[in-house]
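Just so it is clear, none of the values below were taken in a lab; they were calculated from the coordinates. Model, not experiment: these values are computed from the prediction. Cβ sites come from the backbone with ideal geometry, for glycine too, and all protein chains shown count toward neighbours.
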Amino acid sequence: MLAKHLPIEIINVDSAQIYQGMDIGTGKPSYDERAEIPHHLMDMLDPKTAYSAAEFQKDAIALITDILKRNKIPLLVGGTMLYFKALQEGLSLLPACDSAVRMRLAKEGEAMGWEVLYQKLLEKDPLCAKRISPSDPQRLSRALEVLEVTGKPMSFWLAQPKPSLSNYRFINIGLIPIQTSRSQLHERIEKRFDMMLEQGLIAEVEKLFARIELSLSLPSIRAVGYRQIWYYLLKHITYEEMREKAIAATRQLAKRQLTWLKSWPNLMAFDFLDPQLFEKVNEVFSAQQVAENP
């Protein structure tokens, strides 16, 4: 609705929507919606390709600069909070990804269990391990990869000064359950996943599953919903277990996102089910335009 009133171009900030062939499970806007409003950093990569927060930071800054030059408003939309943090606060100077080491660690994690690798990290880099959940294979494998590639723990690199970014000022708007109860949120999450199943999510994952170069070691396939269906297709879990695990994982993701947002500086929060949501958010943009053009 905002795009009907403002010259907006959208920059995707969802780490799963960047992948081609992953439409239903990521909740991508329709092709008609994307034809009406320019969407950037969406459907840009094959699922076999990893994409880092550092790459997002670089791509997003270039897009913001280009959109502003055309006198349009860059609207960044999505729930990958690490990407927002990387863009606004910068990133530590971590080494580039080593795909060979990452693939090997992923295979070890699948074979031995991620708890074994977590204990290894706890032994070698306890400061970093305390900030990572043993059930978070992506961050766990990255920490072990950095340790192996550089010989120095992730905690060392995170303590280094971050390079400065561009001087853009960001207006942070969070759509969260303020008046909406947790039970309502959980009910909507359950209904949303069931709707995805009805729309053909399993068939979408089956197309990915048929590609021998794709596996659970890839960030794309570990996305919520895709990971659980992948296990179902491997016949490791039943359909009922898949559904329950996917809904539970979505609820956990929502909880993590809310934890990020509650500590986000200068956040303007609105209830995502507020019937006056559009008017309130539009008012924020209008006030900003007045401030810039007194």
Here, chymotrypsin sites (Phe, Trp or Tyr not before Pro) of the range 71-119 satisfying both criteria (DSSP loop; at most 10 other Cβ within 10 Å) are none
Mean Cβ-within-10 Å packing, highest first, puts peptides 269-276, 141-148 in the order 141-148, 269-276
For Asp98 and Thr180, extending 7 Å from Cα along the Cα-Cβ vector and measuring point to point gives, in nm, a value of 4.3
Binned at 5 Å from zero, the C-alpha pair distances of the range 99-158 give percents of 4, 22, 35, 26, 12, 1
Between Asn172 and residues 5 or more places away or on another chain, the pairs with built amide H atoms under 5 Å apart involve Met268
To the nearest 10 degrees, the tilt of helix 182-199 (Cα long axis) against the first principal axis of the alpha carbons of the chain is 80
Helix 99-112: inclination vs the chain longest Cα principal axis, degrees, rounded to 10, gives 60
Length gained if Lys4 through Glu240 is fully extended, taking 0.36 nm per residue and subtracting the Cα-Cα distance, is 80.8 nm
Calc'd 3J(HN,Hα), the range 52-57, phi into Karplus 6.51 cos²θ - 1.76 cosθ + 1.60 (θ = phi - 60°), Hz, glycine/Pro = x, comes to 9, 4, 5, 5, 4, 4
Counting sequence-distant residues (5 or more places) and residues on other chains, those with an amide H built under 5 Å from that of Ile8 are Ile73
Pseudo-spin-label distance Lys48 to Lys280, built 7 Å along Cα→Cβ, given in nm, is 4.6
Scaled by the rule-of-thumb 2.2 N^0.38 Å, the alpha carbon Rg for the chain gives a ratio of 1.05
Phi angles of the range 267-284, converted by Karplus (6.51 cos²θ - 1.76 cosθ + 1.60, θ = phi - 60°) into ³J(HN,Hα) in whole Hz with x for Gly and Pro, give 7, 9, 9, 9, 5, 6, 9, 5, x, 9, 4, 4, 4, 5, 5, 4, 5, 4
HN-Hα couplings for the range 251-262 via Karplus (6.51, -1.76, 1.60; θ = phi - 60°), in whole Hz with x for Gly/Pro, come out as 5, 5, 4, 4, 5, 5, 5, 5, 4, 4, 5, 5
Residues Ser220, Ser263, Ser215 in order from fewest to most other beta-carbon atoms within 10 Å are Ser263, Ser215, Ser220
If one compares the long axis through the Cα atoms of helix 114-124 with the longest principal axis of the Cα atoms of the chain, the angle in degrees, nearest 10, works out at 90
Contour minus Cα-Cα span, Asn71 to Gln20, at 0.36 nm per residue, comes to 15.4 nm
For Leu82, Leu185, ascending order of other Cβ atoms within 10 Å (fewest first) is Leu82, Leu185
